[in-house]
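Beneath this line is the structure, given in structure tokens, with notes to follow.
The values are calculated or read from the model by the stated rules, or taken from the named source; none is laboratory data. Since this is a predicted model, take the numbers as computed values, not measurements. Because the Cβ atoms are built from the backbone with ideal geometry, glycine has one as well, and the counts that use them run over all protein chains shown.
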Amino acid sequence: MTIRSLRAAMSFLTVLPVANADGSSGERLGRAYFPAIGALIGLAAGATFAVLSALTSPLLAAAFAVAFLCVLTGAIHLDGLADTADGLLGGGDPSRRLEVMRDPRLGTFGVTAIVAVLLLDVAALSSMSPARGLAALVVGGALSRLATLSVIAFVPYVRTSGLGVAAWDARHRGLDLVLGSATALVAGAIDWRRALLALPFVGLTAIAVAGLARRRLGGATGDVCGATAELCQLAVLLVFAVR
């Protein structure tokens, strides 16, 4: 079941064709492995940044690395960020907000959120050395997915259908969170001082997003998890950018 869950997490969080042969979502969408997959995604983007930094300018390398992140993940988290911004920051009651979040069209809040986060990602990353940038992307990938896992563990799911039904399965919630935390701890060892500094900012960001979702929707959705991942990753990059 471990391999099936790992493949499920990889298939869900990336565009890599590694889904289970029977098309199943794996145990709870492989959520225990979200931080591990996040760290691997960050490692790939970090390597891209390090190589291109030696060949081009830091700004161009950072832009390519962030673009690579978007391509590798299928921009799934950015999509969630945009839908969450449109739903939570717009008007209406919870049912109307959920309807807006399902709408594939982007609103003003959604577009603004995507542009702002991408610009800040590139700006933060371009200010770092190749080694620090690689570490920031690995740590950011792991901690941001750990934050997503925490939202799944502690905030109720408000929809009755969708992939979130599998992810929010209450079975082994504590065990999945412990395994995800252990993986994030290992990833954080690449630069443990800055990872430790980033941890409270990641926690506060996740709490803010989850708290707003509970007030506006009554709970979380897959889009809220995507927004959590993007904003928590940005929080890590900003911490690592501080000299």
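Across region 108-147, what is the number of residues that are among the polar types (S, T, N, Q), over 22 Å from I207 (Cβ atoms) and at pLDDT 95 or above? Steps first, answer last, please.
Step one: filter region 108-147 for residues among the polar types (S, T, N, Q), giving 108, 112, 126-127, 129, 144.
Adding the requirement that they be over 22 Å from I207 (Cβ atoms) leaves 108, 112, 126-127, 129.
Filter again for at pLDDT 95 or above, leaving 112, 126-127, 129.
Selection size over region 108-147: 4.
Hey, any hits in region 34-42 for a residue that's part of a helix (DSSP H, G or I) and in contact with a Cys (Cβ under 8 Å, 6 or more places away or on another chain)? It would help to see each step written out before you state the result.
Just the residues of region 34-42 that are part of a helix (DSSP H, G or I), to begin with: 34-42.
Going one step further and asking which of them are in contact with a Cys (Cβ under 8 Å, 6 or more places away or on another chain), we end up with none.
Within region 34-42 (the criterion being part of a helix (DSSP H, G or I) and in contact with a Cys (Cβ under 8 Å, 6 or more places away or on another chain)), the answer is no, since none of the residues qualifies.
Residues G211, G203: which one is within 22 Å of A85 (Cα to Cα), touching a Ser or Thr at 6+ places or on another chain (Cβ under 9 Å) and modelled with pLDDT of 95 or more? It would help to see each step written out before you state the result.
On the way: G211 fails: touching a Ser or Thr at 6+ places or on another chain (Cβ under 9 Å).
The unique qualifying residue is G203.
I'm told W192 meets every condition in (1) among the hydrophobic types (A, V, I, L, M, F, W, C); (2) over 24 Å from A82 (Cβ atoms); (3) over 19 Å from the mean Cα position of the chain (by Cα); (4) crowded, with 22+ Cβ neighbours inside 10 Å except one. Can you identify the failing condition by its number?
Only one criterion in (1) among the hydrophobic types (A, V, I, L, M, F, W, C); (2) over 24 Å from A82 (Cβ atoms); (3) over 19 Å from the mean Cα position of the chain (by Cα); (4) crowded, with 22+ Cβ neighbours inside 10 Å is unmet by W192, namely (4).
For (1) of a type in the set (S, T, N, Q); (2) modelled with pLDDT of 95 or more; (3) surrounded by 14 or more Cβ atoms within 10 Å (Cβ to Cβ), each residue gets a yes or a no:
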site: V15; (1), (2), (3): no, no, no
site: N20; (1), (2), (3): yes, no, yes
site: S24; (1), (2), (3): yes, no, no
site: G30; (1), (2), (3): no, no, yes
site: P35; (1), (2), (3): no, yes, yes
site: G46; (1), (2), (3): no, yes, yes
site: S57; (1), (2), (3): yes, yes, no
site: L60; (1), (2), (3): no, yes, yes
site: A63; (1), (2), (3): no, yes, yes
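Kindly list the number of the only condition in (1) in contact with a Pro (Cβ under 9 Å, 6 or more places away or on another chain); (2) over 24 Å from A208 (Cα atoms) that fails for L125.
Exception for L125: condition (2).
If only one of L78, L106, L120, L149 is within 17 Å of T221 (Cβ to Cβ), of a type outside the set (D, E, K, R) and either surrounded by fewer than 21 Cβ atoms within 10 Å (Cβ to Cβ) or without any contact (Cβ under 8 Å) to a residue 40 or more places away in the chain (or both), which one is it?
Being within 17 Å of T221 (Cβ to Cβ), of a type outside the set (D, E, K, R) and either surrounded by fewer than 21 Cβ atoms within 10 Å (Cβ to Cβ) or without any contact (Cβ under 8 Å) to a residue 40 or more places away in the chain (or both) holds for just one of L78, L106, L120, L149, which is L106.
For region 117-164, give me each residue that is aliphatic (A, V, I, L, M) and over 25 Å from F64 (Cβ atoms). Quick ask: steps written out before the conclusion?
If we filter region 117-164 for residues that are aliphatic (A, V, I, L, M), which is where we start, we get 117-120, 122-125, 128, 131, 134-139, 142-143, 146-147, 149, 151-153, 155, 158, 163.
L146, A147, L149, V151, I152, A153, V155, V158, L163 - these are the residues of region 117-164 that are aliphatic (A, V, I, L, M) and over 25 Å from F64 (Cβ atoms).
How many residues does region 83-132 contain that are under 30 Å from F49 (Cα atoms) and assigned to a helix (DSSP H, G or I)? Steps first, answer last, please.
Initially, region 83-132 is screened for residues under 30 Å from F49 (Cα atoms), giving 83-85, 106, 109-132.
If we keep only those that are assigned to a helix (DSSP H, G or I) as well, we get 83-85, 109-126, 130-132.
Selection size over region 83-132: 24.
Which of the residues that make up region 171-190 are farther than 17 Å from I41 by Cα and touching a Lys or Arg at 6+ places or on another chain (Cβ under 8 Å)?
Matches in region 171-190: R171, H172, D176.
Taking the condition more than 30 Å from D191 (Cα to Cα) and not β-branched (V, I, T), does L98 pass?
Working: more than 30 Å from D191 (Cα to Cα): yes; not β-branched (V, I, T): yes.
So L98 fits the description; yes.
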